[in-house]
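Okay, so here's the structure we're looking at.
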Amino acid sequence: MGSATLLHLLCFVIASVSVSLVQAEDAYKFYTWTVTYGNLSPLGSPQQVILINGQFPGPKLDLVTNDNVILNLINKLDEPFLLTWNGIKQRKNSWQDGVLGTNCPIPPNSNYTYKFQTKDQIGTYSYFPSTQLHKAAGGFGGLNVYHRSVIPIPYQNPDGDFTLLIGDWYKTNHKTLRQTLDSGKSIGLPDGLLINGQPHSTFTGNQGKTYMFRISNVGLSTSINFRIQGHTLKLVEVEGSHTIQNIYDSLDVHVGQSVSLLVTLNQPPKDYYIVASTRFTETPLTTTAVLHYSNSFSSALGPVPPSPVDKYDFDWSMKQARTYRWNLTANAARPNPQGSFHYGKITPTKVIKLANSAPSINGKLRYAVNSVSYVNPDTPLKLADYFNIPGIFSVNLLQNTPSSGPGYIATSVLPTSLHDFIEVIFQNNENTMQSWHLDGYDFWVIGYGFGQWSDASRKTYNLVDALTRHTAQVYPKSWTAILVSLDNQGMWNLRSAIWERQYLGQQFYLRVWNAQRSLANEYDIPNNVLLCGKAVGHHP
């Protein structure tokens, strides 16, 4: 056989192996999930919960960067249902976002197949129901996106991996809670905290080994503080961004947020308390789990490690938040996470100031953004936009700055253009903790401050290595500033992650729009799209 022939054969083999590797790691993952009710006692009292494939919490989705997910969701509840994928960007694909502004809910005894990709993401995320206060009954789960083998990460592969879904919990049935909100009253404080749906659980590791703890706050209303007795926590990732690897004794994780921590089991072999407690609540709630050394013969002893500071010390928490910095030397899911620009060197095309409030409208409690309290129409905004159905939403109601007028109910959409670069200030004039989430995007959290934001506040911005994430907290009587590059066309939900507030109107949609319809900017309407409201009778 000649050398030329051998060379061609070798090239063919290398090409074939390369294609196989790419195909192996750009995988298609197929799932069938069935949603049902079940009876459990998460806090000791029997109650109805939402199960997925018989599990509470639901199955853990372990994916790899760029995996394609084909997930058939069968709804066996007595109400329409949707799941949303908290933190998954749904690139060019808001059709799969799973919120009422983009999707018709899945009717009882029916199904819908989600089709989405974990495009260019690595990190700890979650999923949960977006409909009818179902989140108060469960239906949530962990969603972890691991790096492809060809993409380096800025730490050694851990020896194990634990997913901890931590959140507050109400003993009251979710339908009763919903009736309370519909009547214009608050659902009040939760009854307890759960870790992975249980009051007690155990995580086992080997002495001397290092484990990743993936923490998500899946609760409805309260920030938590997380700590492990006798161990330090190395922060390595926040909602898809690799961080400067600072060491903490405890971390505040606010509603809707996720973090990844490395913990080395470097203590004497015994059991240690894993502790989560509520922050900024009049009556602190605490739950514990156990970190069990595999060679331990001793139970966890001593008092449970206390919360780090006074329950109302917002200054401590804000100072900690400012220490979260982006690791600029690390790859993200793709090399050079900054891309071709640096966020701190771009002049925003638009400045949007958003103030939350709690007005009484028609004698009932509502929550609002710039005085507009959002209400979901029967027809999803995305379908109304696609089929040019008039009268569903307005792009003229929500203003870029807060107004002093009374609150009112409307279906509000804020118009923006594809490739806008916007500065958003969340102004919180209430004496309550806030948490804001944006679907479809990560954003740079460039500043926190007490009091009223002003132009002078920009002098305090971090325009060098601010963290990107999908959910940002806003402290009482304070502000938080973010920058967003609007490079993902679609209809995207900007909402309070505190679910009572979201349910009663503290949300709206960001319409990221381009006049020219192109598959380069956005995927076409799915062929299996569900139609409801005024969209019935239209054809994709």
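Computed values, structure above
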item: Breaking point among (1) open to solvent by 10 Å² or more (accessible area, probe 1.4 Å); (2) within 21 Å of Lys270 (Cα to Cα), for Gly205; result: (1)
item: Residue that is at pLDDT 95 or above, farther than 25 Å from Ser360 by Cα, of a type in the set (D, E, K, R) and within 19 Å of the chain's Cα centre (by Cα), where the choices are Asp524, Asp442, Asp455, Asp465; result: Asp442
item: Qualifying residue in region 441-459 (condition: assigned to a strand (DSSP E or B), in contact with a helix residue (DSSP H, G or I) (Cβ under 9 Å, 6 or more places away or on another chain) and either closer than 22 Å to Lys115 by Cβ or among the aliphatic types (A, V, I, L, M) (or both)); result: yes
item: Filter result for Arg322 (in contact (Cβ under 8 Å) with a residue 40 or more places away in the chain and either over 30 Å from His470 (Cβ atoms) or open to solvent by less than 40 Å² (accessible area, probe 1.4 Å) (or both)); result: no
item: Output for region 267-296, where each listed residue is β-branched (Val, Ile, Thr), surrounded by fewer than 17 Cβ atoms within 10 Å (Cβ to Cβ) and under 15 Å from Thr232 (Cα atoms); result: none
item: When residues of region 329-352 are limited to those that are hydrophobic (A, V, I, L, M, F, W, C) and over 23 Å from the mean Cα position of the chain (by Cα), the one modelled with the highest pLDDT; result: Val351
item: Considering residues of region 72-109 that are in contact (Cβ under 8 Å) with a residue 60 or more places away in the chain and assigned to a strand (DSSP E or B) only, the residue farthest from Val536 (Cα to Cα); result: Asn86
item: Residue tally, condition aliphatic (A, V, I, L, M), within 24 Å of Leu71 (Cβ to Cβ) and open to solvent by 90 Å² or more (accessible area, probe 1.4 Å), over region 513-540; result: 1
item: Region 53-71 - residue that is of a type in the set (D, E, K, R) and in a loop (DSSP other than H, G, I, E, B) and, of those, least open to solvent (accessible area, probe 1.4 Å); result: Asp67
item: Some residue of region 289-308 being touching a strand residue (DSSP E or B) at 6+ places or on another chain (Cβ under 7 Å), closer than 25 Å to Glu423 by Cα and not polar (S, T, N, Q); result: no
item: Failed item in (1) assigned to a strand (DSSP E or B); (2) open to solvent by 10 Å² or more (accessible area, probe 1.4 Å); (3) over 16 Å from Thr124 (Cα atoms), with Asn225 passing the rest; result: (2)
item: Residues of region 136-171 classified as touching a helix residue (DSSP H, G or I) at 6+ places or on another chain (Cβ under 8 Å) and under 30 Å from Arg501 (Cα atoms), total; result: 3
item: Of all residues in region 378-393 being more than 26 Å from the chain's Cα centre (by Cα) and surrounded by fewer than 16 Cβ atoms within 10 Å (Cβ to Cβ), the one that is nearest to Arg495 (Cα to Cα); result: Gly391
item: Identity of the residue in region 36-52, without any contact (Cβ under 8 Å) to a residue 12 or more places away in the chain and part of a loop (DSSP other than H, G, I, E, B), that ends up least open to solvent (accessible area, probe 1.4 Å); result: Ser41
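So that you can scan it fast, the table gives a plain yes or no per residue for (1) within 24 Å of Ala481 (Cβ to Cβ); (2) touching a residue at least 12 places away in the same chain (Cβ under 8 Å); (3) open to solvent by less than 80 Å² (accessible area, probe 1.4 Å); (4) out of contact with any helix residue (DSSP H, G or I) (no Cβ under 6 Å at 6 or more places or on another chain):
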| position | (1), (2), (3), (4) |
| --- | --- |
| Asp313 | yes, no, yes, yes |
| Trp316 | yes, no, yes, yes |
| Thr329 | no, yes, no, yes |
| Gly344 | yes, yes, yes, yes |
| Val351 | yes, yes, yes, yes |
| Ile361 | no, yes, yes, yes |
| Asn376 | no, yes, yes, yes |
| Gln399 | yes, yes, no, yes |
| Ser412 | yes, yes, yes, yes |
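Residues checked against (1) open to solvent by 10 Å² or more (accessible area, probe 1.4 Å); (2) of a type in the set (Ser, Thr, Tyr); (3) over 18 Å from the mean Cα position of the chain (by Cα):
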position	(1), (2), (3)
Ser216	no, yes, no
Thr232	yes, yes, yes
Gly240	yes, no, no
His254	no, no, no
Ser258	no, yes, no
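The values are calculated or read from the model by the stated rules, or taken from the named source; none is laboratory data. Computed from a predicted structure; not experimentally measured. Cβ coordinates were reconstructed from backbone atoms using ideal geometry, including for glycine residues, and neighbour counts include every protein chain displayed. Side chains included, ligands, DNA and RNA excluded: accessible areas come from the protein's heavy atoms. Shrake-Rupley method; radii C 1.70, N 1.55, O 1.52, S 1.80 Å.
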